[in-house]
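Asker: Below you will find the structure I want to go over with you.
The values are calculated or read from the model by the stated rules, or taken from the named source; none is laboratory data. Since we're looking at a predicted model, the values are computed, not measured. Cβ: placed from backbone, ideal geometry, glycine included. Neighbour counts: every protein chain shown.
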Amino acid sequence: MQKKIILSLILLALLSGCTMQNPFKESPNVILILTDDLDTSLMPYMPQTRQLIGEQGATFENYFITTPICCASRATTLRGQYAHNTDILQNSPGFARFFKLKEEEDTLNIWLQNAGYRTALFGKYLNNYPVNAGRNYAPPGWDDWGAFLANTDDGDFFYNYTMNENGTLVEYGDAPEEYSTSVIREKSLAFIDDSVKADAPFFLFVSVYAPHGPATPAPGDIVDEDLTYPQSPSFREADISDKPRIIQALTQTGDEFDEGDANHIFRKRVATLEPVDDFVAELIQVLEANGQLDNTYIIFTSDNGFHLGEHQLPSGKGTAYEEDILVPFMVRGPGITPGSTVTQMAANIDLAPTIAEMAGAKIPGFVDGRSLLPWLQADTSPWRNGLLIEFGYIDEEAIAEALKDPETDNLLVGVAGGAFRGIRGENYVYVEYANGEIEFYDLTNDPYQLENLAGTLSAETLSTLHEKLTALKNCSGAECQLLEEDLSINW
């Protein structure tokens, strides 16, 4: 049984004062493994990852994605900012906007490179990369770069894709060895070997495409037709009349999304994670063979969650429901107590400052998140009791820009007024949609979000929630951290 410990005690042996003291080296290696659209229902099918990272480190039970869509989440990962501050609030225009705003000039990899690290990214970068930057464009701050180019058709990134490899375009076909997880694996292991030979600390960003749709299995991997999707009480919720009209509109696809649909998609998603699970095991082996395992932090997580029939919604993401915003997060490394569990709220806004703190790199003042490491030093340290969740552009100019390159997923951005801002508190969620509709769920008594209580709240409670959300959705930097510590309410 895993030992439960409070957030303030994890890594205590690692920390001293306000500066991290690493018991191994001043500059530990850091590997970030980011999956694509992985939700919590899939973790039982990654036994090696759970054993080698989770059981050998800390598992976070309440790790949230503040904007549950690929590009916005990835921009937040690189900058440590809420989406309203990166101004990447959905997948389109995505990279083009990130590039236009010159946000790549001050990202996590650059902070680490300035601290003496070798840096690499292999796999998926930002949606629509490298639109408006030139096909041979590689962002600054990466010593080794191998990123998928945006597709111009309905293709995916499992086979038949193009990678920008340090400015050179390389075409991959459909041969077994060209399966993208295998290619990313080879590049990652080579980068580790090269970094060890160079006697340099490294930051490796492993960004696999699995289990994103169409969830194409690797050669030789068999889809288990006996698997069934683990249905929660919200699966095909019988009565969604209390849900906002814009949520109900997403269910009107012209065909009923049923148990068979969920099982079919789930089985394929599981199959794509088998080579990722093997890849994690091999990373551990290579680190150990190079004498680097005890000096390396390994983080495993996802860019967002995924729903499959909950609240009658077909497969997708981008909502404020738990299936989309709550994702797995595990980390092992120097000073982390094996088998520990963290219950306090953490989020993807914390990822960049946490990694920067691990590496001893300077954290810019614009960062909204907080490093998880210094806050683990003392049990009296203030901590958040809520987070902002946000999705989609609200102002007309931004909407017009985004619609130049419309998204194809079944998302709220395709519904008028579907953008939202909300608070995910420790025991509640409150959401305001652009069309004026609201949602409120008591997560203590209704963890599956079956009963929208917004219509039953007092005017005073609604006013308090609105005021807190208004402040939070416009916050920046340390101001966000202070506001997050005052999100408790009574209703």
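Asker: Quick check on my filter: what residues within the stretch 171-203 are in contact with an Asp or Glu (Cβ under 9 Å, 6 or more places away or on another chain), surrounded by 20 or more Cβ atoms within 10 Å (Cβ to Cβ) and not in a helix (DSSP H, G or I)?
Answerer: Residues satisfying the conditions are P201, F202.
Asker: Identify, from the list P233, P176, P214, the residue that is more than 24 Å from T35 (Cβ to Cβ) and at pLDDT 95 or above.
Answerer: None of the others qualify; the one that does is P233.
Asker: Of the residues A249, A271, A262, A320, only one is among the hydrophobic types (A, V, I, L, M, F, W, C) and surrounded by fewer than 21 Cβ atoms within 10 Å (Cβ to Cβ); which?
Answerer: After ruling out the rest, the residue left standing is A249.
Asker: With the checklist (1) part of a helix (DSSP H, G or I); (2) surrounded by 16 or more Cβ atoms within 10 Å (Cβ to Cβ); (3) at pLDDT below 90 in hand, flag the one item I355 doesn't pass.
Answerer: In the conditions (1) part of a helix (DSSP H, G or I); (2) surrounded by 16 or more Cβ atoms within 10 Å (Cβ to Cβ); (3) at pLDDT below 90, I355 misses (3) alone.
Asker: Starting from the stretch 96-114, keep only residues that are under 18 Å from N132 (Cβ atoms), then list their pairs with residues that are crowded, with 22+ Cβ neighbours inside 10 Å and among the β-branched types (V, I, T) whose Cβ atoms are within a distance under 7 Å, requiring at least 6 positions of separation or different chains.
Answerer: R97/I88; F98/I88; E103/T86
Asker: Considering A133, A96, which residue is part of a loop (DSSP other than H, G, I, E, B), of a type in the set (G, A, S), on the phi < 0 side of the Ramachandran plot and out of contact with any Ser or Thr (no Cβ under 6 Å at 6 or more places or on another chain)?
Answerer: Answer to the check: A133.
Asker: What is the one condition in (1) in contact with a strand residue (DSSP E or B) (Cβ under 6 Å, 6 or more places away or on another chain); (2) under 19 Å from E322 (Cβ atoms); (3) modelled with pLDDT of 95 or more that N410 does not satisfy?
Answerer: For N410, the failing item is (3).
Asker: Answer yes if at least one residue in the stretch 221-229 is surrounded by 19 or more Cβ atoms within 10 Å (Cβ to Cβ) and in contact (Cβ under 8 Å) with a residue 12 or more places away in the chain, and no otherwise.
Answerer: Yes, the stretch 221-229 contains at least one residue that is surrounded by 19 or more Cβ atoms within 10 Å (Cβ to Cβ) and in contact (Cβ under 8 Å) with a residue 12 or more places away in the chain.
Asker: Of the residues I298, I336, only one is modelled with pLDDT under 95, closer than 22 Å to D277 by Cβ and more than 14 Å from the chain's Cα centre (by Cα); which?
Answerer: I336
Asker: Restricting the stretch 432-477 to residues that are in contact (Cβ under 8 Å) with a residue 40 or more places away in the chain and within 30 Å of I363 (Cα to Cα), which is farthest from the chain's Cα centre (by Cα)?
Answerer: By that ranking, first place goes to K468.
Asker: State all residues of the stretch 249-273 that are without any contact (Cβ under 8 Å) to a residue 60 or more places away in the chain and in a helix (DSSP H, G or I); if no residue qualifies, say none.
Answerer: Within the stretch 249-273, E259, G260, D261, A262, N263, H264, I265, R267, K268, A271 qualify.
Asker: Please count how many residues of the stretch 212-248 are of a type in the set (A, V, I, L, M) and either outside any loop (DSSP other than H, G, I, E, B) or closer than 21 Å to L453 by Cα (or both).
Answerer: 4
Asker: Could you grab me the full set of residues in the stretch 163-202 that are among the aliphatic types (A, V, I, L, M) and closer than 26 Å to G220 by Cβ?
Answerer: Those that are among the aliphatic types (A, V, I, L, M) and closer than 26 Å to G220 by Cβ: M163, V170, A175, V183, I184, L189, A190, I192.
Asker: Oh, and also: Please enumerate the residues belonging to the stretch 122-177 that are in contact (Cβ under 8 Å) with a residue 40 or more places away in the chain and aromatic (F, W, Y).
Answerer: F122, Y125, F148, F157, F158, Y159
Asker: On to the next question. Could we say that P314 is touching a residue at least 60 places away in the same chain (Cβ under 8 Å) and farther than 30 Å from I110 by Cα here?
Answerer: Spelling it out, P314 is indeed touching a residue at least 60 places away in the same chain (Cβ under 8 Å) and farther than 30 Å from I110 by Cα.
Asker: A follow-up question, please. Quick one: T107 ticks every box in (1) surrounded by fewer than 24 Cβ atoms within 10 Å (Cβ to Cβ); (2) over 16 Å from L34 (Cβ atoms); (3) within 20 Å of the chain's Cα centre (by Cα); (4) at pLDDT 95 or above except a single one, so which number is it?
Answerer: Of (1) surrounded by fewer than 24 Cβ atoms within 10 Å (Cβ to Cβ); (2) over 16 Å from L34 (Cβ atoms); (3) within 20 Å of the chain's Cα centre (by Cα); (4) at pLDDT 95 or above, only one is false for T107: (2).
Asker: Kindly indicate which of I184, I192, I240 is β-branched (V, I, T) and in contact with a His (Cβ under 7 Å, 6 or more places away or on another chain).
Answerer: I240
Asker: With respect to P211, determine if the residue is in contact (Cβ under 8 Å) with a residue 40 or more places away in the chain, more than 25 Å from N29 (Cα to Cα) and touching a helix residue (DSSP H, G or I) at 6+ places or on another chain (Cβ under 9 Å).
Answerer: yes
Asker: Only one of these is of a type outside the set (G, A, S) and either under 20 Å from the mean Cα position of the chain (by Cα) or under 16 Å from Q449 (Cα atoms) (or both): L283, L273. Name it.
Answerer: After ruling out the rest, the residue left standing is L273.
Asker: Given the criterion modelled with pLDDT of 95 or more, aliphatic (A, V, I, L, M) and part of a loop (DSSP other than H, G, I, E, B), identify the matching residue among L32, L38, L52.
Answerer: Just one listed residue meets the conditions, L38.
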